[in-house]
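Report on one structure; see the data block that follows.
The values are calculated or read from the model by the stated rules, or taken from the named source; none is laboratory data. Keep in mind that what you see is a predicted model, and the values were worked out from it rather than measured. Every residue, glycine as well, gets a Cβ built from its backbone with ideal geometry; the counts of neighbours run over all protein chains shown.
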Amino acid sequence: MRRIVALSAFSSALALVLAGCTPASDAPPSPAASSPATPQPAVTAGADAGETSEPTTTVVEAQEPTTAYIARAKSQTVDVLTEPDGAGQVTIRADSVLTVPEQTPLVFLVDEIQGSWVHVYLPVRPNGSMGWVAADDVVLSATDYRVDIALSEFELTVWDGEDLVLTSDIGLGTEDLPTPGGTYYIRELVQPPNPDGAYGPYAYGLSGYSPVLDEFAGGEAIIGIHGTNDPESFGKAVSHGCIRLPNDVITEIVEEVGLPLGTPVYIEE
């Protein structure tokens with residue numbers, strides 16, 4: 001199920017989601033919408049806290065058709081441990097990693113499931129951070145969608161299991177402000193107020209951050225996938241780190257494909 005909620009008032013949210021996306025000469029616009037694109041529950045949490053059965057493991061790997069699992073927090077905060085049922089607890093708050101937390105669920109891409117614990121990718125610095133959350137604190141769902149981004153080829157591909165959904169040329173970060181490689185996931189979807197503006201009609205905020213910028217336009221330098229008003233940027237290194245798509249392609253992905261929040265995004269260096 002997908003909801004796109006248009007907001008009439010401007011705020012700083014889009015600058016937070018799309019930090020590092022515009023060329024240096026452009027001022028980042030304010031946001032106009034957020035979409036939870038909440039994944040449909042397809043799998044229940046693996047085990048009760050007291051269950052001692054053999055752990056089930058789901059490993060997410062790029063370039064291989066696979067079912068990815070998404071963990072949606074049941075509340076706007078979730079406790080994360082460095083080891084399952086162990087020490088090192090930190091609490092992630094939705095308002096620290098999402099731009100419109102009251103409308104967008106706090107989601108994580110699952111790396112593996114072990115009994116009553118779920119190992120997840122975290123939407124925090126440094127890129128690639130992971131931790132364990134209790135299965136009782138999340139709702140698991142599954143998706144066969146994934147997004148592959150080949151930096152050397154300036155190409156984005158959307159897959160549905162083994163089926164190719166679409167391929168598109170893209171614009172990427174410059175050498176000094178690169179698009180980071182690694183495993184990420186879609187954590188939110190926003191709808192800019194002007195579909196013909198610098199961010200196009202839609203923009204996905206990813207779980208990754210610029211490896212160079214600490215902040216952008218007063219917010220976190222979060223990497224995004226979005227449309228653009230510069231069709232000459234495809235196949236070129238022109239952004240502060242975000243991935244630019246043609247407006248018709250990002251519209252197709254959002255309105256026709258409907259990628260759920262938590263969809264894995266594999267960026268190959």
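The table for this structure:
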item	result
Residue in segment 236-245 that is out of contact with any strand residue (DSSP E or B) (no Cβ under 9 Å at 6 or more places or on another chain) and either of a type outside the set (G, A, S) or farther than 14 Å from D169 by Cα (or both) present	no
Restricting segment 242-269 to residues that are free of Cβ contacts under 8 Å to residues at least 60 places away in the same chain and β-branched (V, I, T), the residue that is nearest to S207 (Cα to Cα)	I250
Members of segment 158-185 that are of a type in the set (V, I, T), part of a strand (DSSP E or B) and more than 19 Å from L122 (Cβ to Cβ)	V158, V165, T167
Residue match in segment 212-235 (condition: touching a strand residue (DSSP E or B) at 6+ places or on another chain (Cβ under 6 Å), among the hydroxyl-bearing types (S, T, Y), within 25 Å of V124 (Cβ to Cβ) and in contact (Cβ under 8 Å) with a residue 60 or more places away in the chain)	no
Of residues in segment 210-269 being at positive phi and within 18 Å of the chain's Cα centre (by Cα), the one surrounded by the most Cβ atoms within 10 Å (Cβ to Cβ)	G262
Candidates E64, E102 - the one that is at pLDDT below 95, surrounded by fewer than 20 Cβ atoms within 10 Å (Cβ to Cβ), under 30 Å from L213 (Cα atoms) and out of contact with any strand residue (DSSP E or B) (no Cβ under 8 Å at 6 or more places or on another chain)	E102
Single residue of segment 186-209 satisfying the filter (under 24 Å from A71 (Cα atoms) and in a loop (DSSP other than H, G, I, E, B)) that is modelled with the highest pLDDT	Y202
Some residue of segment 184-194 being crowded, with 16+ Cβ neighbours inside 10 Å, more than 18 Å from P264 (Cα to Cα) and of a type in the set (F, W, Y)	no
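Yes/no per residue for (1) under 30 Å from T251 (Cβ atoms); (2) of a type outside the set (S, T, N, Q); (3) within 17 Å of the chain's Cα centre (by Cα); (4) surrounded by fewer than 15 Cβ atoms within 10 Å (Cβ to Cβ):
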site: S129; (1), (2), (3), (4): no, no, yes, yes
site: A134; (1), (2), (3), (4): no, yes, no, no
site: V138; (1), (2), (3), (4): no, yes, no, no
site: D144; (1), (2), (3), (4): yes, yes, yes, yes
site: A150; (1), (2), (3), (4): yes, yes, yes, no
site: E155; (1), (2), (3), (4): yes, yes, no, no
